[in-house]
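The structure appears right after this line, and notes come after that.
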Amino acid sequence: MVEISSEYAVQMRGINKSFGTVNVLKNMELDVKKGSIHAILGENGAGKSTLMNILYGLYHADSGEIYINGEQKYIKNAAAAINMGIGMVHQHFMLIDKFTVMQNIVLGKEATGRFGILKTRKSRKKIKELIEKYNLDVNLDAKVRDISVGMQQKVEILKALYRGAQLLILDEPTAVLTPMEVDELINIMDSLVKDGKAIIIITHKLKEIKKSADECTVIRKGKFIDRVKVSDETTRSLAQKMVGREVRLTVEKSPPKIGEKIFEIDDIHVRCSRGIETVKGLSLSVRRGEIVGLAGIEGNGQKELIEALISVRNVESGTIKLDGVEIQNTSPANVLKHGVSVIHADRHKYGIILDFTVAENAILERYRYKPYSERGMLNDKTRDKFTEKLIEEYDIRPKNCENLLIRSLSGGNQQKLVIGREISNEPNLLIAVQPTRGLDVGAIEYVHKTLIDLRNRNKAILLISLELDEIMDLSDTVAVMYDGAVNGVFKREDVDENIIGLLMAGGQENEKCC
C-alpha cells in the first residue's frame, strides 16, 4: 500500500459504502498522483461512480478516510469538494439549455461588485484566459442548446476550472464524442496535467485508457483488484483484470443469410424543431438476416431520422415501409405494433422512467396486454417473473433488483435492462442506437453476441452508432450518413475505416455501392 503523501492529489483508504442491504464498496483504496491521468476501470455496477461521488461529496462513505494533498479531509458536500479544488464532469451534463455558455460557467460563482452588481467583464476575462491556456475553444455567447455535445463537455470542464479545480473527475467523458472529439479531449487532458493538475477518468473504453492514462485502478464488485501502470498492460490484460475472465474484444460471426427487404426508407425529408431541414432525401433499406450499420458524425441528421422512424417526428415527404406497409407519421404505438423495437441512445429521455422500479420499466411496452395485466389490473407476479429472467440473462446488477428504483442502478445496468427488454420483444426490426454506450467490455461482448444471434434468427437490424469500431465489427452492410443523406452504401468486406472516415467528413468515394 502506498504511503500517505503530499505527492498525491487524492488518496482514499478503507472506503465502505452500502445502499440498504447492497454492499457497493468494500474496503476500497485509491491513489492518484499530481500531474497524472488516472483511469478507474470496472464492470457496470462495480462501484466506480459511487467512489467518485463520495470523493465529490455527493455521497458519504459508511467508513474510511480521504486524503487531499496528504491531509485528511472530511468532504461534507459538493460545495466543500469544490472549495478543496475538486471538480467533476458528470456523464449526463449539468447545464441549463436556455442559458448561454458564459452564464452556465459562472452560475453560482458570479463576480460581483457593490450592491451585488455583476462584474461580467471580469468573469469573461478570467474565462478567456482559461480558454486560451487549455485550448478550450467555445463561443461564450452561444446558447447551450445550440452547441454540440463535445462543446458542452468543454463548458463543463471550464466550469470546474473557473472554480479552481486542481483535481478533475471525468465520468465516461468519451461516451458521446466522435473520434475527432476524443482526440481533442485527450489533448486538453494532456495540457491540464502538464500544468500540474490531476485527472481521474471513469471509462470502459480500453483503447482510450491506453491512449491517455498513466495509471489505472481496477475495481471488481466493489473491491480493489489492482493498481497498474498502463504502459505495462495490453487492452486484453486490462479487460481480463476488469472482468475476471478472458474476454473476446472482437465479435465472431458467420456469413449472413440475407433474405428479402423488410424495411425501406425512400427519399424522406424531415425538419428539426427549429424548422431547418436536417434529413434531406434519405433512402436506405434493411433485409431479413442483415445488420445495416449507419455511420456518421453526430449532428448530421441522425436525431431527426430516428425520431421520424418511430413516428415521434413527422416526415414531410417520402415513405417508411415495414413489410410493405407505410408506418411514417402514425404513432410510436403503431410502430411497435408492426414489430419494431428501439434501443435509444438517450435512455433517460426515451428508454426508462427513472422514478419507476426496475420491474415497472421492464414492462413499459407490455403492461397493457395479457398476461401482464387483465381488466385494467397489473399482474405483479408475471411482471416480476419476467423481470427476474431479464436480470439473470443480461447480468443486471445488483441481483434481485426488480423492486429498486431504476435510478439507483448504474448507467450500464440501466442500459442492459433496456437492451434485454427490447430484444425480448422478438422484433422483426431492431433499431439499435448506440446500444453499448456506457457498457463495460464484458457487457459489450454479450450485447454484440446477442445482436448477431438476433440477425441469425432472420431478424433485421439497423445499427446507428458513433463508434466506428462497432459499425465495422457488427455490420453486414455499411452506410454512411452525411448532411442529412446517405453518402455511400457498401458491403462490409468491400470497405475499410479510411473510406468510411472520408465519407463521414463529406468526401466522395467512387467504389461501387451494393
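The values are calculated or read from the model by the stated rules, or taken from the named source; none is laboratory data. Keep in mind that what you see is a predicted model, and the values were worked out from it rather than measured. Every residue, glycine as well, gets a Cβ built from its backbone with ideal geometry; the counts of neighbours run over all protein chains shown. Accessible surface areas use protein heavy atoms only, side chains included; no ligands, DNA or RNA. Shrake-Rupley method; radii C 1.70, N 1.55, O 1.52, S 1.80 Å.
Observations on the model:
- Value of Rg to Rh for region 336-397 (Rh from inverse mean 1/r over Cα pairs, i.e. Kirkwood): 0.97
- For the chain, averaging the sequence separation of C-alpha pairs within contact (under 8 Å, six or more residues apart) and dividing by the residue count gives a relative contact order of 15 percent.
- When DSSP beta bridges are restricted to pairs lying wholly in the chain, around 60% turn out antiparallel.
- Charge-dipole axis of the chain as Lys and Arg at +1 and Asp and Glu at -1 on Cβ define it, positive-most pick from Ile352, Met94, Tyr367: Met94
- Calculated FRET value between Lys449 and Lys210, using beta carbons and R₀ = 25 Å, to 0.05: 0.55
- With Cα atoms, 0 to 90° folded angle of helix 380-393 axis to the chain main axis: 80 degrees
- Calculated translational diffusion coefficient of region 62-116 (37 °C, 0.692 mPa s; Stokes-Einstein with Kirkwood radius over alpha-carbon pairs) equals 231 µm²/s.
- Each of Met242, Gly45, Ser212 was scored by the projection of its Cα onto the charge dipole of the chain, and the greatest displacement toward the positive side belongs to Gly45; charges sit on the C-beta of Lys, Arg, Asp and Glu.
- Mean projected area (nm²) of the alpha-carbon convex hull when region 187-271 is viewed from all directions: 11.7 nm²
- All aspartates and glutamates inside 18 Å of Lys280 as judged from Cα atoms, apart from same-chain residues fewer than 8 positions distant: Glu264, Asp266, Asp267, Glu298, Glu304, Glu307, Glu316, Asp483
- Legend: residue pairs Lys349/Lys385; Lys154/Lys303; Lys370/Lys416; Lys154/Lys253, Cα-Cα distance threshold 28 Å; pairs beyond threshold, Lys154/Lys253.
- Region 22-120 - percent of accessible surface contributed by carbon and sulfur, probe 1.4 Å: 50 percent
- Mean separation of Cα contacts under 8 Å (6+ apart) over length of region 37-118, as relative contact order %: 18 percent
- Normalising the average separation of contacting C-alpha pairs (under 8 angstrom, six or more residues apart) by the number of residues puts the relative contact order of region 389-452 at 28 percent.
- The chain - Rg (one decimal) and Dmax (whole number), Cα, Å: 23.8, 74
- Length gained on full extension, Asp195 to Arg271, computed as 0.36 nm times the residue gap minus the Cα-Cα distance: 22.9 nm.
- Start at zero, step by 5 Å, and the Cα-Cα distances of region 348-472 spread as 2, 11, 21, 22, 21, 13, 7, 2, 1, 0 percent across the bins.
- Stretch in the chain that is longest and holds no chymotrypsin sites (Phe, Trp or Tyr not before Pro) that DSSP places in a loop and that have at most 13 other beta carbons within 10 Å: 75-366
- In terms of its Cα atoms, region 263-339 spans 34, 26, 18 Å along the principal axes, sorted from long to short.
- Percent antiparallel among DSSP beta bridges (both partners in region 126-256, rounded to 5): 55 percent
- FRET E, pair Val312, Glu7, Förster distance 51 Å, beta-carbon r, rounded to 0.05: 0.45
- The aspartates and glutamates whose alpha-carbon is closer than 15 Å to the alpha-carbon of Lys34, local same-chain residues fewer than 8 away aside, are Glu3, Glu7, Glu71, Asp190, Asp195, Asp214, Glu215.
- Residues of type aspartates and glutamates that Lys399 reaches as a straight line, Cα spacing below 15 Å, ignoring anything fewer than 8 places off in the same chain: Glu43, Asp384, Glu388
- Separation between Cα centres of region 379-431 and region 215-265, rounded to whole Å: 21 Å
- Fraction of accessible area attributable to carbon and sulfur, region 232-280 (%, probe 1.4 Å): 45 percent
- Extending 7 Å from Cα along the Cβ direction at Met94 and again at Tyr74 yields two label points whose distance is 2.2 nm.
- Inter-centroid distance (Cα atoms) of region 63-108 relative to region 321-353, Å: 38 Å
- Subset of Lys76/Lys119; Lys261/Lys491; Lys48/Lys241; Lys205/Lys261; Lys459/Lys491; Lys73/Lys133 violating a 24 Å alpha-carbon distance limit: Lys76/Lys119; Lys205/Lys261; Lys73/Lys133
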